[in-house]
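Some notes on the structure that comes next.
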């Protein structure tokens with residue numbers, strides 16, 4: 001699906017890049033995986049961010065895609081804690097590093113509590129958002145490990161959300177211009193995400 005905003009920017013969803021084309025040392029276009037060609041003279045390539053863990057590594061701390069910490073945000077040196085974008089922590093069976101304001105704040109609060117003696121492991125419900133021209137993207141949870149996804153149209157024209165499930169448990173909601181779906185997913189997560197006695201049942205799309 002292509003989304004064209006009022007600024008004339010086209011967002012191509014579920015699209016893959018085949019190769020960048022050029023001549024005489026200059027970019028001329030992008031050949032997409034579906035065979036379509038986009039003429040271009042400039043390309044911006046986003047390939048992710050490498051965590052700056054040089055200071056921790058030079059200090060002798062264990063690092064691997066960030067500073068390795070336990071559920072209390074404690075590094076391999078018991079007296080040193082780490083939180084935020086650079087902290088790689090155990091979360092629901094997998095090593096995880098989150099780059100968001102929400103995580104930076106909540107994980108720092110958890111680290112401070114751990115320093116004061118709290119024993120609970122850090123167990124966030126991640127959320128993210130981004131405004132792309134007139135498209136608002138909002139994400140609740142992480143969709144890794146899902147085995148079913150339900151696409152639901154929103155109440156406004158052009159709004160929609162995708163609900164991800166692992167078995168019968170909701171694990172994430174991605175929404176586009178659908179703040180209601182995002183808020184509803186957030187409410188479900190806060191009450192039922194990890195309650196095996198009351199799993200959230202998949203919601204069928206409206207007919």
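Tabulated data for the structure shown
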{"item": "Ascending count of other beta-carbon atoms within 10 Å, so fewest first, for 50, 28", "result": "50, 28"}
{"item": "Degrees, to the nearest 10: 101-115 long Cα axis against longest axis of the chain", "result": "10"}
{"item": "Gyration tensor (alpha-carbon) shape descriptor, region 22-67, a/c threshold 1.5", "result": "prolate"}
{"item": "Cα-based radius of gyration of region 1-105 once divided by 2.2 N^0.38 Å, which approximates compact folds", "result": "1.59"}
{"item": "Proxy reagent accessibility, fewest Cβ within 10 Å first, across 136, 187, 176", "result": "187, 136, 176"}
{"item": "Per-residue [θ]222 nm for the chain (sum of -39500 (n - 2.57) over DSSP H runs n ≥ 4, rounded to 500)", "result": "-5000 deg cm²/dmol"}
{"item": "Nearest 10 degrees, 0 to 90: helix 179-192 Cα axis against the chain principal axis", "result": "30"}
{"item": "Listed values (1) 22, 20, 18; (2) 31, 18, 15; (3) 35, 28, 14, entry calculated as semi-axes √(5λ) of the Cα gyration tensor in Å", "result": "(3)"}
{"item": "Distance between modelled label sites at residue 23 and residue 50, nm, 7 Å Cα→Cβ extension", "result": "3.5"}
{"item": "Cα gyration tensor, region 102-154 - rounded (a/c under 1.5), prolate or oblate", "result": "oblate"}
{"item": "Exposure proxy ranking, count of Cβ atoms within 10 Å, fewest first, for 76, 14", "result": "14, 76"}
{"item": "Space enclosed by the convex hull of the alpha-carbon atoms of region 54-115, per residue, Å³", "result": "78"}
{"item": "Under the Debye formula (equal points on every Cα, no solvent term), log10 I(q)/I(0) of region 127-192 at q = 0.15, 0.24, 0.27 Å⁻¹", "result": "-0.42, -1.00, -1.19"}
{"item": "Mean Cα-pair separation over length for the chain, i.e. relative contact order, pairs under 8 Å, 6 or more apart, %", "result": "10"}
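We did not get these values from a lab; they are worked out from the coordinates using the rules stated. A quick note: this is a predicted structure, and the numbers were derived from the prediction, not measured. Here the Cβ is made from the backbone with ideal geometry for all residues, glycine too, and neighbour counts use every protein chain on show.
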